[in-house]
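The values are calculated or read from the model by the stated rules, or taken from the named source; none is laboratory data. Predicted model only: the values in this text are computed from it and were never measured. With ideal geometry, Cβ positions are generated from the backbone for all residues, glycine too; neighbour counts draw on all protein chains shown.
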Amino acid sequence: MTHSNPRKEYGDWIAYFARFGYAAKGVLYGGIGLLALLQALDLSSGKTVGSKGVLLTIASQPYGKVMLVILAISLMGYVLWHFIQAFVDPEHSGHDAQNIARRIGYAVSGLVYASVAFSAVGILRSSSSEDGKTAQEWALTIMQQPFGRWLVGAGGLLAFGLGCYYFYRAIKAEFRKHMKMYEMSDTAKTWATIVGRVGNAARGVIYIVISVFTLRAAWAFDPSKIKTTEGALAVFDNNPADEWILSILGIGFIAYGIHMGFQAVYRRIQPEN
């Protein structure tokens, strides 16, 4: 009589959930990139260039609410996987300073994408994108606390560090060590590397922009200067001379969405995979 391995079954369940999460993240970033590109080419229908704009665009399509439900559930799979990475360390990354910082980053990223999933739920519930506090309102709340200004400044430094880390990933193609490259054709390996590098570089640029505005907000005690991804992209939409940068970033975000597609299929979710 054979017995199933409970740990393997649990691992398979987590793996499927995580892969759906990577795919959902790919849809999100691919959508942001497409909206940014359309905005740069003056072909936009007025949608916000960012995650909320993507969610609203999906909601406005036929069967859009069904797609939003699937996207929200899939994003929660990505959130769950990041929390497991942060607190359980299934990839046995170790306990040195670098890996502890990486695990903290997983937890923070999990919270960020949980908020995106809840935004999708909010749109389903009220057809509004204005539910909840804005980044500026959160910054004001933090600044009003003891040492709050320093906390916002620390957030700016963290964003700068993340930007540098994404540039590092783009240059070294560090993401490949987490992928099952041996299962890929030579063509797939080439494209996975190209879109990974371009996409990570685009995210690096956005995090550097966010860090600059966050540090300025802390210095001036002015939370209105805080920028999210939407605001960072909007910086390059103020005049025609900057729109080529927005176009490049749009292409970069589309590349990052494709990169997430490769992650959904080929990511090593567990070390034994």
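Output yes when any residue across the range 216-232 is surrounded by fewer than 17 Cβ atoms within 10 Å (Cβ to Cβ), within 19 Å of Tyr78 (Cβ to Cβ) and hydrophobic (A, V, I, L, M, F, W, C), and no when none is. The answer is no; no qualifying residue exists. Scanning the range 49-78 for residues that are touching a Phe, Trp or Tyr at 6+ places or on another chain (Cβ under 8 Å) and among the charged types (D, E, K, R) yields no hits at all. Reported count of residues in the range 169-207, each being of a type in the set (A, V, I, L, M) and under 13 Å from Leu249 (Cα atoms), is 6. Where helices (runs of 4 or more DSSP H) fall entirely within the range 142-238, those with at least 3 residues that are modelled with pLDDT of 85 or more and in contact with a Lys or Arg (Cβ under 7 Å, 6 or more places away or on another chain) are at 186-220.
Every condition in (1) closer than 28 Å to Val54 by Cα; (2) in a helix (DSSP H, G or I); (3) touching a helix residue (DSSP H, G or I) at 6+ places or on another chain (Cβ under 6 Å); (4) at pLDDT below 90 holds for Ser129 except the one numbered (2).
Remark: Phe87 matches the filter, which requires a residue to be more than 13 Å from the chain's Cα centre (by Cα), of a type in the set (Phe, Trp, Tyr) and at pLDDT below 85. Quick check, is Arg176 within 21 Å of Gly148 (Cα to Cα), more than 15 Å from the chain's Cα centre (by Cα) and of a type in the set (Lys, Arg)? The answer is no for Arg176.
Any residue at all in the range 257-265 that's crowded, with 17+ Cβ neighbours inside 10 Å, at pLDDT 85 or above and outside any helix (DSSP H, G or I)? Taking every residue of the range 257-265 in turn, none turns out to be crowded, with 17+ Cβ neighbours inside 10 Å, at pLDDT 85 or above and outside any helix (DSSP H, G or I).
For the range 179-195, how many residues meet the condition of being within 20 Å of the chain's Cα centre (by Cα) and more than 17 Å from Ile269 (Cβ to Cβ)? Matching residues across the range 179-195 total 3. Among all residues of the range 103-110, there is none that is among the charged types (D, E, K, R) and at pLDDT below 75.
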